[in-house]
Amino acid sequence: QVQLVESGGGLVQSGGSLRLSCAASVSIFRINAMGWYRQAPGKQRELVAVFTSGGSTNYEDSVKGRFTISRDDAKNTVYLQMNSLKPEDTAVYYCNARRTLIDYWGKGTLVTVSS
């Protein structure tokens, strides 16, 4: 069982920045893949950024160059630095961890970008 706790969401103006954090209840080394998804109102949940099982990173095209995923293994925490935010980035952001083919999700944190 993996528990994930997100923090860092909020309201920001267009062009601003936020940093999301996701703390895992187990060592990141025991997790195969970990990253961030988001779900905007009326839309499906989509991948934002992820550390893959091979240790590389993948980003959704619209966030490349603006968002950066990073990790602190000592704190079992993954971060999402979001810069140059746009109104279309408004969504609930969910942390995801995959371990032994099981997906675990945090409760989500709301990011609202005003124009």
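The values are calculated or read from the model by the stated rules, or taken from the named source; none is laboratory data. Everything numeric in this text was worked out from a predicted model, so none of it was measured. Here Cβ is always computed from backbone atoms with ideal geometry, including for glycine, and neighbour counts include all displayed protein chains. When the accessible area is computed, the model is the full protein with side chains, heavy atoms only, and any ligands, DNA or RNA have been set aside. Shrake-Rupley method; radii C 1.70, N 1.55, O 1.52, S 1.80 Å.
Residues that are under 20 Å from residue 51 (Cβ atoms), surrounded by fewer than 18 Cβ atoms within 10 Å (Cβ to Cβ) and either modelled with pLDDT of 95 or more or not aliphatic (A, V, I, L, M) (or both) within the range 80-101 comprise 81, 83, 98, 99, 100, listed in sequence order.
Does residue 71 qualify as being open to solvent by 60 Å² or more (accessible area, probe 1.4 Å), touching a residue at least 12 places away in the same chain (Cβ under 8 Å) and more than 13 Å from the chain's Cα centre (by Cα)? Can you show your working first?
Working: open to solvent by 60 Å² or more (accessible area, probe 1.4 Å): yes; touching a residue at least 12 places away in the same chain (Cβ under 8 Å): yes; more than 13 Å from the chain's Cα centre (by Cα): no.
Against the criterion (open to solvent by 60 Å² or more (accessible area, probe 1.4 Å), touching a residue at least 12 places away in the same chain (Cβ under 8 Å) and more than 13 Å from the chain's Cα centre (by Cα)), residue 71 does not qualify.
So which residues in the range 14-56 are of a type in the set (Val, Ile, Thr) and closer than 28 Å to residue 114 by Cα?
The answer is 48, 50.
Exactly one residue among 37, 94, 59 is over 10 Å from the mean Cα position of the chain (by Cα) and either more than 20 Å from residue 17 (Cα to Cα) or not aliphatic (A, V, I, L, M) (or both), and that residue is 59.
Would you pick out the residues in the range 56-68 that are among the charged types (D, E, K, R), surrounded by 13 or more Cβ atoms within 10 Å (Cβ to Cβ) and farther than 15 Å from residue 93 by Cα? Give the derivation first.
Keep residues of the range 56-68 that are among the charged types (D, E, K, R), which gives 60-61, 64, 66.
Applying the additional criterion that residues be surrounded by 13 or more Cβ atoms within 10 Å (Cβ to Cβ) yields 60, 66.
Listed by number, the list holds a single entry, 66.
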